[in-house]
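All of the numbers you see were taken from the coordinates with simple rules; none came from a lab. If you're wondering where the values come from, they're calculated on a predicted model, not measured in any experiment. Here the Cβ positions follow ideal geometry from the backbone for every residue, glycine too, while neighbour counts run over all protein chains shown.
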Amino acid sequence: MADEQTDSSGQLLLVPNTLWSRTIAVTKSARQLGKLKSIETDLHILEQQDISFVVRSLTNILRKEQAKSQQLKKSKQAGQYFDPFLPYEADLFVGDISPTHLCLLNKFNVVDHHLLLVTRDFEEQENLLNIADFVALGACLREVNGLAFFNGGSAAGASQRHKHLQLVPFPFLPNQELLSGSLLPISKAIAQVQFNQGLGRLACFPFKHAIAKLDPSAWSNPVVVGQVMLDCYHLLLTQVGFTFSPHDLKQPGAYNLLATREWMMLVPRSQESAYGISINSLGFVGSLFVKNQAALNLIKEISPIGLLTEVGIL
């Protein structure tokens, strides 16, 4: 077994058993400095089949839209892409993960302690994920139990070109009673998946997707789990019909990737939004976002799974 302090890119820089305490400390400091722009939401639970969809009405989305507008303005003035991660905001820096990745707080967070796992050098968000990405993800997910996800391209809900994975710690909601004690809105549906050789599908999703079990024994070592997750990722890409070579730089199409310590799911995407409602990876674990009551009413009318089907691929 490989040394725990090494990965495919060299030394792991993340000191074991420090990520969560660092996350708490930096969150407190960033809030005191006014650097976190948390977006307040109102919660609505919509039950459909085996999923308790959490629909969040964003009561303060304007600040994120203003920041995006400022970023586009800076890019236009500079005549090139303005990268918010180069340089990153020092007050949001949680820690170094590896020679290739670092960890930041999500400035515009809806869920507390939302982490971004960002490549140190610029890489396109539409590049295929690689072993360095998964070693960094494995190291963080091993320390912070939660939901990891990746928006593979603008059509999958990515708002930044600079490659970054995301990690939201459990519990997904402060009040777990809203989800009947489940970790995620989709937990019950996943528990009912019939796996065949480690692969399966959710009975309630009519669009293309695939879910795979992860080997729990791999979590003893971040290098091992990184390779396990990379292999699983490649398997899922193939399972949903993507044609690619592991040596390719660019991804074969837009998709959302979601992972916990127990499973990994991949959903190909056809478009970023439907009926004016944007969908990112979180939609496929049962978390949707709307800007107003009209959009909430629309989701109730067409159903959450109906909305997801519009942005997926049949």
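Return a whole-number percent for the relative contact order of the range 9-311, with Cα pairs under 8 Å and 6 or more residues apart as the contact set. Intermediate results must be reported in sequence, preceding the final value.
Numbers: 557 pairs, mean separation 63.9, N = 303.
It comes to 21 percent, rounded to a whole number.
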| task | Select from the range 207-314 those GluC sites (Glu not before Pro) which occupy a DSSP coil region and have at most 16 other Cβ atoms within 10 Å, ordered by residue number. | result | E262
| query | If you find the alpha carbon centre of the range 227-282 and of the range 160-201, how far apart are they in angstrom? | reply | 15
| task | Work out the charge dipole of the chain with +1 on the Cβ of Lys and Arg and -1 on the Cβ of Asp and Glu about the Cα centre, then indicate which of L249, V26, G146 is farthest towards its positive end. | result | V26
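May I ask you to compute the full-extension gain from E177 to R22, defined as 0.36 nm times their residue separation minus their alpha-carbon distance, rounded to one decimal in nm?
Numbers: separation 155, 0.36 × 155 = 55.80 nm, distance 2.81 nm.
Using 0.36 nm per residue and subtracting the Cα-Cα distance, I get 53.0 nm.
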| task | State, to one decimal in nm, how far the label point of S278 lies from the label point of F170, with both points 7 Å from Cα in the Cβ direction. | result | 2.9
| Electrostatic dipole magnitude of the chain [Cβ: Lys, Arg +1; Asp, Glu -1; Cα centre; debye, to 20] | 820
| remark: Here the gain from full extension of H234 to Q80, 0.36 nm per residue of separation minus their alpha-carbon distance, amounts to 52.2 nm
| So which aspartates and glutamates pass the test for K250, namely a Cα distance under 12 Å, with those fewer than 8 places away in the same chain ruled out? | E123, E124, E126
| field | Convex hull of Cα atoms in the range 9-311, direction-averaged projection (nm²) | value | 15.4
| query | Residues with beta-carbon under 13 Å from that of A30, excluding A30: net charge, scoring Lys, Arg +1 and Asp, Glu -1? | reply | +3
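Would you calculate, for the chain, the mean residue ellipticity at 222 nm contributed by helices, counting each DSSP H stretch of 4 or more residues as -39,500 (n - 2.57) and dividing by all residues, to the nearest 500? Walk me through the numbers before you get to the answer.
Numbers: 7 runs with 85 residues, N = 314.
About -8500 deg cm²/dmol.
Using r as the Cβ-Cβ distance of S220 and Q192, and R0 as 30 Å, what FRET efficiency do you calculate, to the nearest 0.05?
On the way: r = 29 Å, r/R0 = 0.96.
The computed FRET efficiency comes out at 0.55.
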| 14 Å beta-carbon shell around D215, net charge (K/R +1, D/E -1) | +1
| Longest to shortest principal axis, alpha-carbon extents of the range 158-314, angstrom | 46, 36, 32
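Residues with beta-carbon under 14 Å from that of Q125, excluding Q125: net charge, scoring Lys, Arg +1 and Asp, Glu -1? Please list the in-between numbers first.
Numbers: positive: R161, K163, K250, R269; negative: D83, D121, E123, E124, E126, D133, E272.
Within the 14 Å Cβ shell, the charges total -3.
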| request: Taking amide H positions as placed in the peptide plane 1.01 Å from N, state which residues far from G146 in sequence (5 or more) or on other chains have amide H under 5 Å from it. | output: F170, R261
